[in-house]
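A short worksheet on the structure shown next.
Nothing in this text is a laboratory measurement; each read-out follows from the coordinates by a stated rule. Every value quoted in this text rests on a predicted model; they were computed, and no experiment measured them. Every residue, glycine among them, receives a Cβ derived from its backbone with ideal geometry; neighbour counts consider all protein chains shown.
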Amino acid sequence: MTDFGRTTLPYCSFILDGKRHIGVGIGTQVLDLTAAASTIVPEHAALFADGSLDALMAAGPATWHAVREALLAHEPGNDLHDDVELVLPFTVADYVDFYASEHHATNVGMMFRPDGDALTPNWKHLPIGYHGRAGTVVASGTTILRPSGQRRSPDGEITFGPSTKLDIEAELGFVVGVPSALGTPVPISQFDKHVFGVCLVNDWSARDIQAWEYVPLGPFLGKSFATSISPWIIPLAALNGARVDPPTQTPPPLPYLRADEPWGLNLEFVISLNGIEVSRPPFASMYWTGAQMLAHMTVNGASLRTGDLFASGTISGPETNQRGSLLELSWNGTEPISLADGTTRSFLEDGDTVTISAVAHLDNGERLELGEVLGTIVSQP
Ligand code: CA
């Protein structure tokens with residue numbers, strides 16, 4: 001298991017004696033907060049009773065802070081568990097996926113629109129996103145069934161069958177705790193009043209299905225079959241030391257997208273395929289921040305619900321070994337990547353296991369592990 005140290009204090013849900021409990025990661029162990037809350041945070045014990053993070057997430061930043069302070073002061077004893085079964089820790093409400101990496105958007109543009117500008121005219125004015133399928137967000141470890149769908153071959157033939165271009169997208173997910181009222185935009189300054197924490201996301205993508213269906217309304221069945229998230233939710237407060245300025249934005253964004261404080265994050269992702277590292281995407285290179293995504297997502301008055309999940313989009317850095325998808329790493333299959341075991345990959349094969357992990361680099365030199373999200377591809381029965 002990940003070693004979370006003593007100050008990260010990530011939350012999870014785990015199964016104990018057939019019942020769901022809320023846990024907190026301490027080192028490589030799990031503190032049973034459903035059992036221990038009456039001692040550690042008696043005034044908030046009711047929030048942990050049902051084993052889901054929903055009530056804590058909805059309670060808001062003052063409560064998040066009080067619980068975190070109590071956990072920092074707590075001396076763990078015999079309330080720690082090893083090797084617990086982790087499950088999805090909150091009820092996913094709405095799911096939005098952004099497209100916030102300039103390097104990723106440029107790479108994809110170069111591959112799919114080689115005769116035009118790599119970035120679309122809107123890209124530097126707003127964080128582009130789409131609404132995904134909340135009901136198919138699954139916890140790390142869930143097997144991923146290779147999806148079937150319509151594809152168009154290079155000679156124009158339309159066929160149906162299992163995807164032959166199954167891919168990953170390494171992303172960071174933001175988890176909303178505090179809801180907002182319909183008709184009232186959430187200003188960019190209120191980001192940390194609404195967002196509870198972050199998780200790691202693998203936005204599984206069937207490129208052949210996606211390429212045929214996406215015009216003109218965007219991703220649909222090529223994405224909606226499954227999205228995996230890490231079972232640990234890292235509180236936003238644990239990442240304060242990792243906050244950095246995002247890249248300079250030119251042209252300057254409209255006022256509602258301008259922040260007074262930095263919400264870039266110095267996180268380093270690692271993507272492994274069957275245990276072999278294939279890429280190290282740097283989150284600090286993301287053009288748009290989570291705070292800008294939240295402000296944009298609500299600027300039309302759309303309301304937030306507890307459990308809303310919005311993901312950053314594929315994280316790709318400027319270097320070839322910093323790309324966050326196989327589409328880019330293999331340049332749409334024209335440059336298959338070599339694995340250390342002697343095999344090559346353009347896209348995923350049945351039986352492949354993809355693991356995405358991340359660490360936060362704090363300004364005091366500390367390094368916080370953020371957990372991992374993994375999934376194994378299985379064929380259609
Ligand atoms: Ca995505």
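A few comments on the model shown:
- Entry remark, the range 285-326: residues being under 19 Å from Ile356 (Cβ atoms), of a type in the set (S, T, N, Q), in contact (Cβ under 8 Å) with a residue 60 or more places away in the chain and out of contact with any helix residue (DSSP H, G or I) (no Cβ under 6 Å at 6 or more places or on another chain) number 4 in total.
- Matching residues in the range 106-120 - criterion: being touching a residue at least 40 places away in the same chain (Cβ under 8 Å) and either aliphatic (A, V, I, L, M) or assigned to a loop (DSSP other than H, G, I, E, B) (or both): Val108, Met111
- The condition of being surrounded by fewer than 21 Cβ atoms within 10 Å (Cβ to Cβ) and more than 15 Å from Asn202 (Cα to Cα) holds for only one of Gly141, Gly156, that being Gly156.
- Any chance Pro246 is buried (at least 18 other Cβ atoms within 10 Å of the Cβ), part of a loop (DSSP other than H, G, I, E, B) and without any contact (Cβ under 8 Å) to a residue 60 or more places away in the chain: yes
- Subset of the range 249-279 (residues that are of a type in the set (A, V, I, L, M) and surrounded by 17 or more Cβ atoms within 10 Å (Cβ to Cβ)): Leu257, Ala259, Leu265, Leu267, Ile271, Leu273, Val278
- Residue match in the range 196-204 (condition: within 16 Å of the ligand (Cβ to nearest atom), in contact with a strand residue (DSSP E or B) (Cβ under 6 Å, 6 or more places away or on another chain) and farther than 29 Å from Met1 by Cα): no
- Only listed residue being over 17 Å from the mean Cα position of the chain (by Cα), basic (Lys, Arg) and closer than 15 Å to Ile26 by Cβ, chosen from Arg68, Arg113: Arg68
- Search result, residues across the range 39-49 that are out of contact with any Ser or Thr (no Cβ under 8 Å at 6 or more places or on another chain) and either surrounded by 15 or more Cβ atoms within 10 Å (Cβ to Cβ) or touching a residue at least 60 places away in the same chain (Cβ under 8 Å) (or both): Ile40, Val41
- Any hit, the range 292-307, residues being within 25 Å of Thr250 (Cβ to Cβ), assigned to a loop (DSSP other than H, G, I, E, B) and within 16 Å of the ligand (Cβ to nearest atom): no
- Sole exception among (1) assigned to a loop (DSSP other than H, G, I, E, B); (2) more than 28 Å from Pro61 (Cβ to Cβ); (3) more than 16 Å from the ligand (Cβ to nearest atom) for Pro253, by number: (2)
- Residues within the range 77-105 that are assigned to a loop (DSSP other than H, G, I, E, B), within 16 Å of the ligand (Cβ to nearest atom) and over 30 Å from Glu335 (Cβ atoms), tallied: 2
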